[in-house]
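To start, the structure itself, in structure tokens.
The values are calculated or read from the model by the stated rules, or taken from the named source; none is laboratory data. Since we're looking at a predicted model, the values are computed, not measured. Virtual Cβ from ideal backbone geometry, glycine too; neighbours counted across all protein chains shown.
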Amino acid sequence: MDENILTHVLNTSEYELEIINFPYHVDLDEIKKCQSVIFIAWSFGVYYLNKFLNENRNLAYEKAIAINGMIETIGEYGINKKMFDMTLNTLSLENLLKFYRNMDIDENFKESNKKFEDIKKELKYFKDNYSLFENKLDYHIIGKYDRIIPSMKQEKYCKEKNISYKILDCGHYPFSILNDFSYIIDTKKNEE
């Protein structure tokens, strides 16, 4: 995915928005200039955000929010390893379009500008470089009908690790409901 997925999502918050996609090159000096930083990650980006926070333990931030993703993307709390391998080994343009439909996309969904070959390389890179890290995320937003990273597994992880979470009435693609970053940032306030 790339920034196209967020073209319709508003930002009525007081925060400046910086969208970072794979290969996730981050300018630490720019982040350190900010008074308050909130990290938000979706899907596989949750894994990469957690990896980044582990690699930059001295970086100050207000909170880190996961949306329909896990720090343990492959395994007990995420995608079954056999299913991940099968998806990678059989990935075709046709299967990618089926994958999008399984995300429960709607008319707001915009496909990535990335070439199919680059998407497949990104998935292979993820598998080849995958390792577990300590959790650094504060809050999870879970789509009740997520079939990509099953909601039951996400919820189980949050309960077992005592991490706050909220379940929304959506699938893996949450941006029909989460259509303003101010709602995502203030999720805990919205629960009260």
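Annotations
- Residue in region 132-139 that is of a type in the set (Asp, Glu) and surrounded by 16 or more Cβ atoms within 10 Å (Cβ to Cβ) present: yes
- Qualifying residue in region 88-106 (condition: within 19 Å of residue 139 (Cα to Cα) and surrounded by 19 or more Cβ atoms within 10 Å (Cβ to Cβ)): no
- Matching residues in region 1-38 - criterion: being at pLDDT 85 or above, among the polar types (S, T, N, Q) and outside any loop (DSSP other than H, G, I, E, B): none
- Looking across region 101-133, just one residue is free of Cβ contacts under 8 Å to residues at least 12 places away in the same chain, closer than 29 Å to residue 180 by Cβ and either in contact with a strand residue (DSSP E or B) (Cβ under 6 Å, 6 or more places away or on another chain) or not in a loop (DSSP other than H, G, I, E, B) (or both), and that is 101.
- Residue, farthest from the chain's Cα centre (by Cα), within region 21-58, restricted to residues that are more than 29 Å from residue 111 (Cβ to Cβ) and of a type in the set (Lys, Arg): 33
- Residue match in region 134-149 (condition: under 30 Å from residue 14 (Cα atoms), in a loop (DSSP other than H, G, I, E, B), more than 15 Å from the chain's Cα centre (by Cα) and of a type in the set (A, V, I, L, M, F, W, C)): no
- Taking each residue of region 145-171 that is over 16 Å from residue 71 (Cα atoms) and free of Cβ contacts under 8 Å to residues at least 40 places away in the same chain and looking for partners that are of a type in the set (Val, Ile, Thr) and assigned to a helix (DSSP H, G or I) with beta-carbon atoms closer than 6 Å, six or more apart or interchain, yields 166/187.
- For beta carbons closer than 6 Å, sequence separation of 6+ or different chains, a first residue in region 54-70 that is free of Cβ contacts under 8 Å to residues at least 60 places away in the same chain and more than 13 Å from residue 158 (Cβ to Cβ) and a second that is of a type outside the set (Phe, Trp, Tyr) and part of a strand (DSSP E or B), the qualifying pairs are 62/38.
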